[in-house]
Structure formats: structure tokens, C-alpha cells
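The structure appears below as C-alpha cells.
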Amino acid sequence: QVQFVESGGGLVQPGGSLRLSCEVSGITFSEHQMGWFRQTPGTQRILFARIWTEGTTNYADYVKGRFTVSRDNAKNMVYLQMNNLKPEDTAAYYCMALGIGDSYWGQGTQVTVSS
């Protein structure tokens, strides 16, 4: 059974930082790409950061330079460090594990950026 535990969301002021964590069990974590998506009400879930199995990362332009994704295969964890947060970063954040022939979603964590 695949299980996710996402944590680290919350309310932060503009310019602040948060670190999201996503722990996955029930899969061979090291064989899965990990992605971070976000979604606002009435919109589609959008991929904005990804880390490949070997550690290569990709980011959407609007988070590049502010967000950093990392992984610890020994702990089955993926992290998202978010700095210089802006009100437009307010969303529900989801991690996703993508393997060859399978994919799994975390339950999501809310991030709200507001003064």
C-alpha cells in the first residue's frame, strides 16, 4: 500500500519561507521521479518542480531561483524549500511519485501567503 505524508504548509507573510516535506512508503522510492504540483480553486493541478531519480531538477520559470527541490532516497523523502514567497504562490501543494507504469499522489498541503 502506497502512503504519502506531506507536511510543512501553512500561513506565511510575503517574502517569507516554508519547507514542504513529502515522505513516501510502499514504493521503491529511488526508482521514481518526484514532482511538486500546485492547484488553486477552479484550476488544474500544475507541475512546477521535478527531481529525477539521479537528482536532476527542473523548475517552472515563475519559481526558478526561489524554490529548490531535493530528495533523500535513504529516507524516502522529497523536500521543497520555498523562499521569497509571494501571494500568487498561495495554493494547495501536492507531491507526486512517477515511475515506469505507475504514479501516485500525496494528499496535499495548503500554503497561504498573505500579510
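The values are calculated or read from the model by the stated rules, or taken from the named source; none is laboratory data. In this text, all values refer to a predicted model and were calculated from it rather than measured experimentally. Virtual Cβ from ideal backbone geometry, glycine too; neighbours counted across all protein chains shown. When the accessible area is computed, the model is the full protein with side chains, heavy atoms only, and any ligands, DNA or RNA have been set aside. Shrake-Rupley method; radii C 1.70, N 1.55, O 1.52, S 1.80 Å.
A few comments on the model shown:
- Compared with the alpha-carbon gap, the fully stretched path from Thr28 to Thr40 is longer by 1.3 nm at 0.36 nm per residue.
- Computed over the chain, the P(r) tail beyond 25 angstrom holds 16 percent of alpha carbon pairs.
- Low-density loop positions, chymotrypsin sites (Phe, Trp or Tyr not before Pro), the stretch 58-115 - DSSP coil, at most 14 other Cβ in 10 Å: Tyr62
- Using a Gaussian network model of the chain in which every pair of alpha carbons under 10 angstrom is joined by a spring, one finds that among Gly65, Gly101, Gly35 the greatest mean-square fluctuation is at Gly101.
- Once both labels are positioned 7 Å from their Cα atoms along Cα-to-Cβ, the gap between Asp102 and Ser115 label points is 4.7 nm.
- Basic side chains Lys and Arg get +1 at the Cβ, acidic Asp and Glu get -1 at the Cβ, and with that the dipole of the chain about its Cα centre reaches some 260 debye.
- With all protein chains kept in place, the per residue accessible area of the chain amounts to 53 square angstrom at a probe of 1.4 angstrom.
- For the stretch 96-115, the residues whose backbone nitrogen is under 13 Å from a point 7 Å from the Cα of Leu11, taken along Cα to Cβ, are 111-115.
- Taking θ as phi - 60° and the Karplus parameters 6.51, -1.76 and 1.60, the scalar couplings of the stretch 23-31 work out to 9, 10, 10, x, 9, 7, 4, 5, 9 Hz in sequence order, x denoting glycine and proline.
- The chain - percent of accessible surface contributed by carbon and sulfur, probe 1.4 Å: 48 percent
- Computed accessible area, Met96, all protein chains, 1.4 angstrom probe, square angstrom: 30 Å²
- Per-residue ³J(HN,Hα) for the stretch 43-57, Karplus 6.51 cos²θ - 1.76 cosθ + 1.60, θ = phi - 60°, Hz, x for Gly and Pro: 10, 7, 6, 10, 6, 10, 8, 9, 10, 7, 4, 8, x, 4, 10
- When nucleic acids and ligands are ignored and a 1.4 Å probe is applied, Val69 ends up with an accessible area of around 10 Å².
- For the stretch 9-22, Karplus couplings with θ = phi - 60° (6.51, -1.76, 1.60), whole Hz, Gly/Pro x: x, x, 9, 9, 7, x, x, x, 10, 9, 10, 8, 10, 9
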